[in-house]
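In what follows, a single structure is set out as structure tokens and then discussed.
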Amino acid sequence: MDDLRELYQQVILDHQRKPRNFRAIEGAERSADGFNPLCGDRIHVDLRVAGDGRIEDVAFTGSGCAICTASASMMTESMRGKNETEAETLFEGFHHLLTSDEPPTDARDASGLGKLAVFAGVREFPVRVKCATLPWHTLHAALRGRNQPVSTE
Ligand code: ZN
């Protein structure tokens with residue numbers, strides 16, 4: 001677990017310093033807002049979906065803590081090019097990784113999450129789980145075309 005913890009810290013720091021896809025999408029077809037009152041994370045996710053249902057572009061804006069920002073950044077990288085079923089599977093896999101009671105054994109291979117598996121490290125800080133999952137719930141709402149703001153509470 002020590003390697004994973006170190007990797008987790010490196011990855012979080014890297015994405016916090018240089019968030020990927022931190023921008024608005026001009027003419028985004030779908031978008032949603034998310035808010036985590038416990039921490040104060042606010043996030044806006046924009047999506048563009050291609051004719052074949054694949055996520056052509058996904059980006060975020062807002063202000064969140066390190067974990068929220070890193071999670072959003074990595075999410076945008078992982079979601080690009082996915083169709084809705086694949087996006088749903090990834091969302092569920094990530095959610096499961098952070099919230100299930102089962103220990104994250106062999107987390108790196110869990111549900112095809114790839115490097116997202118480092119977020120298993122967040123499980124050690126239960127209060128931070130919502131910081132990490134907020135961007136994902138927000139993306140989920142955007143994909144489904146819901147206009148209601150997402151709140152973790
Ligand atoms: Zn937070």
Checklist entry - Which numbered condition trips up SER78, out of (1) in a helix (DSSP H, G or I); (2) touching a Ser or Thr at 6+ places or on another chain (Cβ under 7 Å); (3) free of Cβ contacts under 8 Å to residues at least 40 places away in the same chain? => result (2)
Item to check | Boolean, GLY62 is among the small types (Gly, Ala, Ser) and assigned to a strand (DSSP E or B) | outcome: yes
Checklist entry - Of the residues in the range 52-80, how many are under 19 Å from SER31 (Cβ atoms) and more than 16 Å from the ligand (Cβ to nearest atom)? => result 12
Checklist outcome for this item: Quick count over the range 1-18, residues being basic (Lys, Arg) and buried (at least 18 other Cβ atoms within 10 Å of the Cβ), is 0
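Residue-wise test of (1) of a type in the set (D, E, K, R); (2) modelled with pLDDT under 95; (3) surrounded by 23 or more Cβ atoms within 10 Å (Cβ to Cβ).
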{"site": "ARG20", "(1), (2), (3)": "yes, no, no"}
{"site": "ARG23", "(1), (2), (3)": "yes, no, no"}
{"site": "GLY34", "(1), (2), (3)": "no, no, yes"}
{"site": "PRO37", "(1), (2), (3)": "no, no, no"}
{"site": "ASP46", "(1), (2), (3)": "yes, no, yes"}
{"site": "ALA50", "(1), (2), (3)": "no, yes, no"}
{"site": "SER63", "(1), (2), (3)": "no, no, no"}
{"site": "SER71", "(1), (2), (3)": "no, no, yes"}
{"site": "MET74", "(1), (2), (3)": "no, no, yes"}
Next on the checklist: Please determine whether any residue of the range 87-101 is modelled with pLDDT of 85 or more, acidic (Asp, Glu) and surrounded by 14 or more Cβ atoms within 10 Å (Cβ to Cβ).
Outcome noted: yes
Next on the checklist: Kindly evaluate PHE91 against the criterion of being within 16 Å of the ligand (Cβ to nearest atom) and on the phi < 0 side of the Ramachandran plot.
Outcome noted: no
Next on the checklist: Every residue in the range 120-136 that is among the aliphatic types (A, V, I, L, M) and touching an Asp or Glu at 6+ places or on another chain (Cβ under 6 Å), please.
Outcome noted: LEU134
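The values are calculated or read from the model by the stated rules, or taken from the named source; none is laboratory data. Remember, it's a predicted structure, so these values are computed and weren't measured experimentally. Here the Cβ is made from the backbone with ideal geometry for all residues, glycine too, and neighbour counts use every protein chain on show.
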